[in-house]
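Q: Before I ask anything, let me first share the structure, which is written out below as structure tokens.
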């Protein structure tokens with residue numbers, strides 16, 4: 001069961017949430033410094049991470065799952081958010097250049113359908129970034145943040161999942177090395193924790209970020225990359 005959108009907003013409005021989103025956003029921008037002229041979509045609760053792309057992207061839209069609920073986004077200007085079903089994203093085929101999935105995979109009730117829909121709407125050269133809680137972290141065990149809810153992932157688990165649904169991982173990053181405590185001192189020192197964590201224990205951040213590109217293989221029978229990947233992985 002997904003966290004309610006009100007709970008997600010409450011977290012991101014808190015000191016810990018604001019600091020955490022700044023650290024995750026820093027890693028996203030290192031992978032995607034800009035999106036000039038591109039069509040960008042967020043899936044899940046990705047609003048806090050999409051805002052840097054609003055000035056230059058051709059289009060930016062946020063698809064928020066019905067089980068989670070939706071709020072107007074951005075807070076100022078024209079609303080770009082919509083309420084949708086995970087298995088029926090409101091975008092035409094191959095129209096999205098960049099898709100950002102945050103608070104999406106770990107609590108999805110329709111995980112396979114969500115990833116197949118993401119594959120469908122991504123353009124031929126489309127790329128995605130998945131932000132998911134890391135299995136090897138305190139954040140996945142704590143109720144202090146939304147990253148303590150749902151299914152955490154290891155890097156190998158996330159890679160297998162993405163390949164099974166037609167995406168090839170191209171880059172990895174971690175974020176959130178501070179302990180998941182609602183102490184103001186932790187929030188204020190989050191950047192220092194990130195600096196130390198990236199040098200001392202780089203694989204133990206609270207979240208994993210996986211960038212992946214769409215695979216566009218189609219066999220003579222008409223099966224697309226997700227179907228081919230699952231057929232190849234099925235036992236003989």
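The values are calculated or read from the model by the stated rules, or taken from the named source; none is laboratory data. Keep in mind the model is a prediction, meaning the values are calculated, not measured. Glycine also receives a Cβ, built like all others from the backbone with ideal geometry; neighbour counts cover every protein chain displayed.
Q: Checking residue 86 against (1) modelled with pLDDT of 95 or more; (2) surrounded by 23 or more Cβ atoms within 10 Å (Cβ to Cβ), which test does it fail?
A: Here residue 86 meets the rest and fails (1).
So that you can scan it fast, the table gives a plain yes or no per residue for (1) in contact with a helix residue (DSSP H, G or I) (Cβ under 9 Å, 6 or more places away or on another chain); (2) free of Cβ contacts under 8 Å to residues at least 40 places away in the same chain; (3) surrounded by fewer than 20 Cβ atoms within 10 Å (Cβ to Cβ):
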site: 6; (1), (2), (3): no, no, yes
site: 10; (1), (2), (3): yes, yes, yes
site: 18; (1), (2), (3): yes, no, yes
site: 22; (1), (2), (3): yes, no, yes
site: 28; (1), (2), (3): yes, no, no
site: 59; (1), (2), (3): no, yes, yes
site: 65; (1), (2), (3): yes, no, no
site: 70; (1), (2), (3): yes, no, yes
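Q: Could you list, in sequence order, the residues of the range 92-116 that are in a helix (DSSP H, G or I) and either at pLDDT below 95 or surrounded by fewer than 24 Cβ atoms within 10 Å (Cβ to Cβ) (or both)?
A: Taking the range 92-116 and keeping what is in a helix (DSSP H, G or I), we get 111-116.
The answer is 111, 112, 113, 114, 116.
Q: Would you mention how many residues in the range 26-82 are closer than 21 Å to residue 114 by Cβ and in a loop (DSSP other than H, G, I, E, B)?
A: Qualifying residue count for the region: 11.
Q: So which of 232, 225, 185, 192 ends up being at pLDDT below 75 and out of contact with any strand residue (DSSP E or B) (no Cβ under 9 Å at 6 or more places or on another chain)? Full working, then the answer.
A: Values: 225 fails: out of contact with any strand residue (DSSP E or B) (no Cβ under 9 Å at 6 or more places or on another chain); 185 fails: at pLDDT below 75; 192 fails: at pLDDT below 75.
When all the criteria are applied, what remains is 232.
Q: Which condition number in (1) more than 18 Å from residue 65 (Cα to Cα); (2) touching a helix residue (DSSP H, G or I) at 6+ places or on another chain (Cβ under 6 Å); (3) surrounded by 22 or more Cβ atoms within 10 Å (Cβ to Cβ) is the one that residue 147 fails?
A: (1)
Q: For the range 142-165, which positions are part of a loop (DSSP other than H, G, I, E, B) and either in contact with a strand residue (DSSP E or B) (Cβ under 6 Å, 6 or more places away or on another chain) or under 24 Å from residue 13 (Cα atoms) (or both)?
A: If the condition is that a residue be part of a loop (DSSP other than H, G, I, E, B) and either in contact with a strand residue (DSSP E or B) (Cβ under 6 Å, 6 or more places away or on another chain) or under 24 Å from residue 13 (Cα atoms) (or both), then 142, 143, 144, 145, 149, 150, 151, 152 are the ones that fit.
Q: Could I ask something else about it? Determine whether the range 142-150 contains at least one residue that is modelled with pLDDT under 95 and farther than 24 Å from residue 21 by Cβ.
A: For the range 142-150, residues modelled with pLDDT under 95 and farther than 24 Å from residue 21 by Cβ: absent.
Q: Considering each of 169, 180 in turn, give the residue that is at negative phi, buried (at least 19 other Cβ atoms within 10 Å of the Cβ) and either touching a residue at least 40 places away in the same chain (Cβ under 8 Å) or within 15 Å of the chain's Cα centre (by Cα) (or both).
A: Sole residue among the options that is at negative phi, buried (at least 19 other Cβ atoms within 10 Å of the Cβ) and either touching a residue at least 40 places away in the same chain (Cβ under 8 Å) or within 15 Å of the chain's Cα centre (by Cα) (or both): 180.
Q: Among the residues of the range 30-51, count how many are in contact with a helix residue (DSSP H, G or I) (Cβ under 6 Å, 6 or more places away or on another chain) and over 19 Å from residue 106 (Cα atoms).
A: Selection size over the range 30-51: 2.
Q: Still on this model: Working carefully through the options 198, 211, 168, 194, find the one that is more than 23 Å from residue 116 (Cβ to Cβ), outside any loop (DSSP other than H, G, I, E, B) and in contact with a helix residue (DSSP H, G or I) (Cβ under 8 Å, 6 or more places away or on another chain).
A: Residue meeting the stated conditions: 194.
Q: Now, a different point. So residue 94 clears everything in (1) touching a residue at least 40 places away in the same chain (Cβ under 8 Å); (2) within 22 Å of residue 119 (Cα to Cα) except one condition, right? Which one?
A: (1)
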